[in-house]
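Colleague: Quick one: the structure is below, and I'll ask about it shortly.
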Amino acid sequence: MANQIPNILAADPNDAGAPVTHKDRRRSYIWRKIFTIRKELSNNVGGALSLAFFVAFVAGWWGLASSGLVNPLFLPTPLEVYHVAIRSYTVDKLWLDLGISVYRVLVGFGIAVIVAVPLGILMGSFQFFRSLLEPFLAFLRYMPATAFIPLLVLWLGIDDGQKFSVIWLGTFFHLTLLVMTSTLTVPLPLIEAAMMLGATQRQIVTKVIWRSAKPLIFENLRIVLGWAWTYIVVAEIVAADSGVGYQILKASRFLDTPMIFVGILSIGLVGVLSDFGFNALGRKLFPYVQRNRV
Amino acid sequence: MSMIQIQKVSKFFPGGKSKNLLVLDQVSLDVPEGEFLVLIGPSGCGKSTLLRIMAGLAEPSLGKVTIAGRDVDGPAVGVGMVFQTYTSFPWLTVEQNVAFGLSLKGTDRIKNSEKVRKIVDRVGLSKFLAAFPSQLSGGMQQRVAIARALATDPKVLLMDEPFGALDAMIRVEMQAFLIDLWQQERKTVVFVTHDIDEAILLGDRIVVLSPHPGRIHEVLNVKIARPRSIQDTETSDFVALRHALRTMIFAMGEANNALTRPEQVSDCLP
């Protein structure tokens, strides 16, 4: 804003003592335009910045890969990765493995959601369930899900059941606690207002607490789904005969570095897409929620 | 016949170091049917706590409250409440918010919607039936809250500083609105405020509470003729009453500042 100019110029240590030239003023103007705390940039500038970083990253990668500083066996160029990606999705049917991984994540995560959401809401609504379960869940949460994989292989073999369990273990405890926390943020005055309007305990849970916490719980699901992707790849790398994780491991055995990149990027893309999907669905489901950022 | 009877109600909160904090000390009060009663006093006098006890949202440590002859032991049918914070449900439209209490009963939808529209019209929000609370101003949100409470036909309306968060202009507007509403509905209202003008403008009686512990300091009858309007604030009766109240409350505040330890003040919040 124009009325801030004198203050900011005076505060600039570079200007101390020296006369303020036209060039200085211009530079500080641009600087302020870009770097003001919490100031929004125009969509064009914001989009250009986001794109610029992607481009710079790929360019850097390409430069490094073709510089001869790194053995091409370990770092393929983006172009090689692109070719391998095309081949593996058309000829080698990598999408089948991707489909299997997606299926495992959806089932494992789905089971976690079905149990975690109602339990989290109960814990966030009744001190009874909170006292009963919170310390136990908080303890289990710190046991790394990946450490259970060898045990689960012994118990369940290397079938899908083992994959579901790894994802379930990796997401369920956190998700329950996150849903509980989201439920606890429902403002008490809303609950009391419902009480004064004659709502029963059950109605308060279903018509106020659940409805009020739903957007936050939805956000919890979005975040935790991202973790599920990590767990599925770990589970598939340790013990599997299909799935993207398995393909990554196989590629590693054959020193097929571009293929490893393709596997990693595939998971990344699916993750980003599911994130977009969640955000779009969230805006549709909760039009009343005011959001300034996605 | 008295609608609300408060019988020797005391409330203490368990404090640290073995000392309980006494917030209300043997408060007794009768509110006749159709009266507009105002509770006023400096912060820490327990006025909100007393209202919450009447609502059944807090339990008295000693004594009891009866409303329409029934002991209060929880939020009861027939008692509506309007809070200081905005409590409209953000996921419901204005119409759905006002219908909330009725929809809980599972009564006839069509009948409900007629009634809801009538009440929404009554509070002047007909144009905003389909709006979400986030699209409304603070004053309009409080109108929604009042309409929502009225929709369940309460005999008693409890209002906890309902205009406290509104700016001065809107507040005056809302006071005029409430005067008008009460003039027609003649509900029994208990209204908590710390605004002296608001107390005189609205109340049939003003109960002045003194702090630490909360006790009834004085009960004043407001003899200014009804229906009242904002113009009445300049009449000599009004000015005299305002002066008396202000002197009373400020004297308490000073005595209180001299006595209170800082930790007590924060403890008094409900």
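Colleague: From the list B:Val31, B:Val9, exactly one residue is modelled with pLDDT of 90 or more, more than 15 Å from the chain's Cα centre (by Cα) and crowded, with 16+ Cβ neighbours inside 10 Å. Which is it? Walk me through it before giving the result.
Modeller: On the way: B:Val31 fails: more than 15 Å from the chain's Cα centre (by Cα).
Checking each option against the conditions leaves just B:Val9.
Colleague: Let me ask something else about it. Tell me the residue from B:Ser134, B:Ser103 that is within 30 Å of B:Val65 (Cα to Cα), in a helix (DSSP H, G or I) and either more than 21 Å from the chain's Cα centre (by Cα) or at pLDDT below 90 (or both), please.
Modeller: The conditions single out B:Ser103.
Colleague: Related question: Just give me the residues in region B:64-91 being among the aliphatic types (A, V, I, L, M) and facing another protein chain (nearest Cβ under 8 Å), in sequence order.
Modeller: Of everything in region B:64-91, those that are among the aliphatic types (A, V, I, L, M) and facing another protein chain (nearest Cβ under 8 Å) turn out to be B:Val77, B:Val79, B:Met81.
Colleague: Another one. Hand me the list of helices (runs of 4 or more DSSP H) wholly inside region A:109-226 holding 3 or more residues that are within 14 Å of chain B (Cβ to nearest Cβ). Steps first, answer last, please.
Modeller: Details: elements: A:127-141, A:149-156, A:160-184, A:188-196.
Hits in region A:109-226: A:188-196.
Colleague: Say whether the condition of being more than 12 Å from chain A (Cβ to nearest Cβ), on the phi > 0 side of the Ramachandran plot and buried (at least 23 other Cβ atoms within 10 Å of the Cβ) is met by at least one residue in region B:46-63.
Modeller: Yes, that holds for at least one residue.
Colleague: Continuing with this model, one more query. Is there any pair with a first residue in region B:152-180 that is buried (at least 22 other Cβ atoms within 10 Å of the Cβ) and a second that is among the small types (Gly, Ala, Ser) and in a helix (DSSP H, G or I) whose Cβ atoms are under 7 Å apart and which are 6 or more apart or on different chains, and what are they?
Modeller: Qualifying pairs under 7 Å: B:Leu157/B:Ala149; B:Leu158/B:Ala55; B:Asp160/B:Ser48.
Colleague: May I pose another question? For the structure I just gave you, tell me whether B:Val239 is surrounded by 12 or more Cβ atoms within 10 Å (Cβ to Cβ), modelled with pLDDT of 90 or more and not in a helix (DSSP H, G or I).
Modeller: Considered against the rule, which asks whether it is surrounded by 12 or more Cβ atoms within 10 Å (Cβ to Cβ), modelled with pLDDT of 90 or more and not in a helix (DSSP H, G or I), B:Val239 comes out as no.
Colleague: Out of all the residues in region B:186-204, is one or more over 19 Å from B:Phe250 (Cα atoms), within 15 Å of the chain's Cα centre (by Cα) and of a type in the set (Ser, Thr, Tyr)?
Modeller: Yes, region B:186-204 contains at least one residue that is over 19 Å from B:Phe250 (Cα atoms), within 15 Å of the chain's Cα centre (by Cα) and of a type in the set (Ser, Thr, Tyr).
Colleague: Here's another thing I want to ask about it. Taking B:Gly101 as meeting all but one of (1) surrounded by fewer than 20 Cβ atoms within 10 Å (Cβ to Cβ); (2) within 14 Å of chain A (Cβ to nearest Cβ); (3) among the small types (Gly, Ala, Ser), write down the number of the exception.
Modeller: Answer for B:Gly101: the failing condition is (1).
Colleague: Report the residue count in region B:163-197 for those that are in a loop (DSSP other than H, G, I, E, B) and under 16 Å from B:Gly124 (Cβ atoms).
Modeller: Final tally of qualifying residues: 2.
Colleague: Does A:Ala239 count as farther than 19 Å from A:Thr77 by Cα and crowded, with 16+ Cβ neighbours inside 10 Å? Steps first, please.
Modeller: Working: farther than 19 Å from A:Thr77 by Cα: yes; crowded, with 16+ Cβ neighbours inside 10 Å: yes.
Answer is yes for this residue.
Colleague: Mind telling me which of the residues B:Gly78, B:Gly15 ends up being touching a residue at least 12 places away in the same chain (Cβ under 8 Å), within 19 Å of B:Ile146 (Cβ to Cβ) and exposed (fewer than 15 other Cβ atoms within 10 Å of the Cβ)? Full working, then the answer.
Modeller: Numbers: B:Gly15 fails: within 19 Å of B:Ile146 (Cβ to Cβ).
Within the list B:Gly78, B:Gly15, the selection yields B:Gly78.
Colleague: Return a yes/no flag: does region A:245-257 have any residue that is among the charged types (D, E, K, R) and either within 14 Å of another protein chain (Cβ to nearest Cβ) or not in a loop (DSSP other than H, G, I, E, B) (or both).
Modeller: yes
The values are calculated or read from the model by the stated rules, or taken from the named source; none is laboratory data. The shown structure was predicted, so the numbers you read here are calculated from the model rather than taken from an experiment. Glycine also receives a Cβ, built like all others from the backbone with ideal geometry; neighbour counts cover every protein chain displayed.
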